[in-house]
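Everything on this sheet refers to the single structure shown next.
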Amino acid sequence: MSVILLTLPLLLAQVNPAPPAASPPASQPPAAAKAAGPAARNAPGSVVDPATLPPPVQPGQATPPAQLPPPPKINPVVMNTMAWLYFLGDPLVGSQDDLIGGALTWIKAVSLICLAAWLFAWLLNGMKERVVGRGDWVDYLGIAALVLTPTTVLLRVMETMQRIGPHWIGGVPLVTALWMASVLLFAIWIEQALWRTIRRQGNRFDMAVLVIGHLMLLAGLAVGLWMLYEGFLLFVLAYNNQFLPANMRLSWIDGLSYGVRLGLTFMGYVVFLRIAGQFGLEALRGRFRRLFAIARVSVYEANRRMWAPWVVLTVFLLVLAFTHWFLQPPRAAEMGRLYVSALTLLCSFLLTAMVTILTPLSLPTDIQQQTIYTVVSKPVRRLELVWGRMIGYMALVTVLLVVFGGISLAYLWRTVGGTQKATRAAYEKAIKEGRLTEAKQFREQAEQLYTRMTAREPIKGSLSFLDARGQPHAMGIDVGQDISGREPRSHIEGATPSAAIWSFGHVPDPFTPPGRRPRILNRVIPVDQFLPVGTIEWDLDQIYALDNKIREAQQAKAQKDVTAWRSNQLDQAIARNQSELDRLRSDYDAKRQKADEFQNQLEAAEAAGQADEVKRIRGELDKLHAPPVKVEMSFNVYRTTKGKIGEPVYAEISAANRYTGAQIEGDIFPVREYYTNDVHLPASILAGSRGAIRIEIRCLSPTQYLGMAESDLFLLPRSGRFEINYMKGLFGIWLQAMILTAIGVFAGTFLSWPVALLTTIFFFVAGQLAFGFLVDFTRQAVMGGGPFESLIRLLTHDNQMSDLAPTAGVILAKTLDSLVMPVMSMLIFVVPNFNVLDVTNMVADGFAVSWSLLGVNTLLALGYALPFSVAGYYILKKREVAA
């Protein structure tokens, strides 16, 4: 079975490619939501929830999504049952958009890893004890399967490169027949090896796992054929954006292949429950006192053997003492970002280096020097050995991070804070001396320094574009600049109808390919954060909301099938809302009249030069009105001509509320490159918007191009404290150190210290620097083919785009790639994604790290660290360390 787990993805990809899938919503059975459709949810005359309305076609969605084929005409209960079995059983179906979907995806991945490890352990144990592999007739079947697998792949590669034509055996393709034969031979050999080994060396629980696991495998095969027979399998392929021909038909081979995928996942659940039960009992038997003792010993060892904490602290102080010599920001406004990035990078490098060196050396050194005998001879459990060392090392990391954070904050306030105060003083001095141009520059620098040293909480929209002819596109103009950022950047042409549009609310993803079902993005504005209670704009928003509720109730009452009880209930709701609406309108009119009076008094006081009275009246007006909506932007300019020296590029911003029709037009501002531009919109634009508005940016300067990415424009309701945000950024480094600690301790349970050290370094480099390459490698999106094909291109100096001639060497290389790449693709499920846990760039850019993001990252880190610690426990449990 373990060999099947490794070869099956390869053979399935060669014979029946698996579709990329999307998970159903976690809040309801997926099939019910799919079968109902928007028409059933929003029937004519029903009470319509704005959140469930299909969003209007936004710029960037060039073509409407294709209509999905109708679901199979089967019982809704059966439909929901198959949908949930599909969601629970297909390992390629996952979701990171919600907590439940992410947890289930993690369980499925860990279950398959547990299944592979369980099979490998029993087969290896059987070979060691000479229970299997003794030269019986069934062993020759295994050898035949090993020979048949590369032969099948070779034939498939030759067919793909058109060196041979397709061959059929009894109406079945030859490659498919050989694949089925190899899987059958593997299954026969592994089945007899498992049953023979577990009967002789396992207990009743192991036998129960074997029997129940096979029942789950058969259940998965039955479910796959059932889905094929009912037409559900073809429906989910079409639903998941597979461009299938209209006359596409699936055979029993497709149903069987899909059933194997489901069955292996169900079988993995059984093994996962077995391992989780064993591990849970072991964890309950642990004692905090022993964990604390082992952790304390680990801290003592780190101080006595290598003086690691003191070395790290000394290096940090030495580098910090001369940082200002080498860090010279290109612009004064970039000083905060540069210093914060440098300090967090220094903390990350020192702590990860310390953990990478300390953790893999601990256990192997104790085993080699036989000092671990004094520990294992005591009533100490193996899990306590693993977790105790992890707790000890993480205690060191925690103390060092707190010290680094305190020193870094003091250093930042001394350098960046001092520069900010000096810039503000220079601004005030320039104002007094009448040097207005220099004063403007000093004020902008001070504002930018302050912006970087805050924790802004942005509300972002979805970006799309209009070209010079007014046609919608997902991307703007590509001016040929190198795009090395994390987001795609596009440009709009000046003095043309082209525009960049940020849409807020429930909007379709503008990058949805034509013909596919669009993914709905949640970009709803939290209006309550911008409109304080009791203000004129808040009253107006409530008036719109109540008016909408009354109209919805009236529409619901107008339906033909409304009962008398429901009609009476709606009448009461209409009367109650109408009464509240009349009260709000009365309050709104009174506040508007009062605001007009204050405005007249303000104009009179300004004309009379009464400064104190002006200040008082402005305060009264601020209490009546909501503060303006702050919009921050950071654009770049691509200049085709130099233009006039000193003249900036101008842009225009406009906003529209699609529910009330309110618009703001013609606010022109100069674009300050490398600086944050801010524009204030009237808060009334949000009244009645339901969190959905549209902001358009146009470039007014001819022959110039204005560039932007999606995160370059956002609404800013508030900003938090930089100190707390900085410590949140360091907490991301702490999570990375926790995963590295688990990997280092895991590697030390069965490897010598040099190999364990290299293993830990490999995981860190692969997860920190090469994870994006691993993702492309898994998707087979790497240009130039696999490693062997790339080697041929390197030696023959062929480019990555052209096809290689179908020589014998190229065919052999592609065959080896087809065998190796599915196995190497499994690294994506094992190597941690350290980049996701790194939030220091957000801190350096002056954006707040939310507590929800920290919670998700913590669960992700635990999802990596816990399996490594469990694997280390089982390896250490089977190892005779005191023999």
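The values are calculated or read from the model by the stated rules, or taken from the named source; none is laboratory data. As the structure is a computational prediction, the values presented were derived from the model and not from experiment. Here Cβ is always computed from backbone atoms with ideal geometry, including for glycine, and neighbour counts include all displayed protein chains. Surface areas here come from the heavy atoms of the whole protein model, side chains and all, with no ligands, DNA or RNA. Shrake-Rupley method; radii C 1.70, N 1.55, O 1.52, S 1.80 Å.
What to note about this one:
- The condition (being farther than 22 Å from R690 by Cα, out of contact with any strand residue (DSSP E or B) (no Cβ under 9 Å at 6 or more places or on another chain) and without any contact (Cβ under 8 Å) to a residue 12 or more places away in the chain) is satisfied by just one residue among Q441, Q445: Q441.
- Cross-chain or 6+ apart pairs with Cβ under 9 Å, the stretch 574-602 first and farther than 14 Å from L540 by Cα, then open to solvent by 80 Å² or more (accessible area, probe 1.4 Å) and assigned to a helix (DSSP H, G or I): I574/K549; I574/Q554; I574/K557; N577/K549; F598/R618; L602/R618
Results for (1) modelled with pLDDT under 65; (2) in a helix (DSSP H, G or I), shown as yes or no for each residue.
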position	(1), (2)
P56	yes, no
I74	no, no
M79	no, yes
A103	no, yes
I107	no, yes
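- When I164, I212, I113 are checked against the criterion of being β-branched (V, I, T), open to solvent by 40 Å² or more (accessible area, probe 1.4 Å) and within 30 Å of P832 (Cα to Cα), I113 stands alone in meeting it.
- Residues within the stretch 402-419 that are among the polar types (S, T, N, Q) and either free of Cβ contacts under 8 Å to residues at least 60 places away in the same chain or surrounded by fewer than 18 Cβ atoms within 10 Å (Cβ to Cβ) (or both), tallied: 1
- Some residue of the stretch 470-489 being surrounded by 13 or more Cβ atoms within 10 Å (Cβ to Cβ) and more than 29 Å from Q704 (Cβ to Cβ): no
- Condition met for S825 (of a type in the set (S, T, N, Q), within 30 Å of M161 (Cα to Cα) and either at pLDDT 90 or above or buried (at least 17 other Cβ atoms within 10 Å of the Cβ) (or both)): yes
- Among the candidates L385, L361, L463, residue that is open to solvent by less than 20 Å² (accessible area, probe 1.4 Å) and modelled with pLDDT under 90: L385
- Residue that is least open to solvent (accessible area, probe 1.4 Å) [pool: residues in the stretch 490-518 that are on the phi > 0 side of the Ramachandran plot and under 33 Å from the mean Cα position of the chain (by Cα)]: G505
- Condition met for S251 (among the polar types (S, T, N, Q) and free of Cβ contacts under 8 Å to residues at least 40 places away in the same chain): yes
- Of the residues F722, F669, F635, F714, the single one that is free of Cβ contacts under 8 Å to residues at least 24 places away in the same chain and of a type in the set (A, V, I, L, M, F, W, C) is F669.
- Among the candidates I743, I653, residue that is under 25 Å from P508 (Cα atoms) and either modelled with pLDDT under 90 or outside any loop (DSSP other than H, G, I, E, B) (or both): I653
- Scanning the stretch 167-184 for residues that are open to solvent by 30 Å² or more (accessible area, probe 1.4 Å) and either touching a helix residue (DSSP H, G or I) at 6+ places or on another chain (Cβ under 6 Å) or within 26 Å of G133 (Cα to Cα) (or both) yields a total of 7.
- Among the residues of the stretch 592-633, those that are touching a helix residue (DSSP H, G or I) at 6+ places or on another chain (Cβ under 6 Å), open to solvent by 30 Å² or more (accessible area, probe 1.4 Å) and more than 28 Å from I525 (Cβ to Cβ) comprise Q601, E606, E613.
- Residue that is most open to solvent (accessible area, probe 1.4 Å), among those in the stretch 672-685 that are assigned to a strand (DSSP E or B) and more than 16 Å from F635 (Cβ to Cβ): H680
- Each residue in the stretch 653-671 was checked for being farther than 29 Å from W538 by Cβ and open to solvent by 20 Å² or more (accessible area, probe 1.4 Å), and 2 of them qualify.
- Of the residues making up the stretch 185-197, not a single one is free of Cβ contacts under 8 Å to residues at least 40 places away in the same chain, part of a helix (DSSP H, G or I) and surrounded by fewer than 13 Cβ atoms within 10 Å (Cβ to Cβ).
- Some residue of the stretch 371-378 being open to solvent by 10 Å² or more (accessible area, probe 1.4 Å), in contact with a Lys or Arg (Cβ under 9 Å, 6 or more places away or on another chain), farther than 21 Å from L866 by Cβ and free of Cβ contacts under 8 Å to residues at least 60 places away in the same chain: yes
- Taking the listed residues G744, G786, G732, the one that is surrounded by 18 or more Cβ atoms within 10 Å (Cβ to Cβ), more than 26 Å from V870 (Cα to Cα) and not charged (D, E, K, R) is G786, with no other qualifying.
- Residue in the stretch 746-792 that is nearest to S362 (Cα to Cα), counting only those that are in contact with an Asp or Glu (Cβ under 8 Å, 6 or more places away or on another chain) and either in contact (Cβ under 8 Å) with a residue 24 or more places away in the chain or part of a loop (DSSP other than H, G, I, E, B) (or both): P787
- Count of residues meeting criterion [closer than 14 Å to M824 by Cα and among the basic types (K, R)] in the stretch 764-812: 1
- Whichever residue in the stretch 519-539 is of a type in the set (A, V, I, L, M) and in a loop (DSSP other than H, G, I, E, B) and, among such residues, is surrounded by the fewest Cβ atoms within 10 Å (Cβ to Cβ): V533
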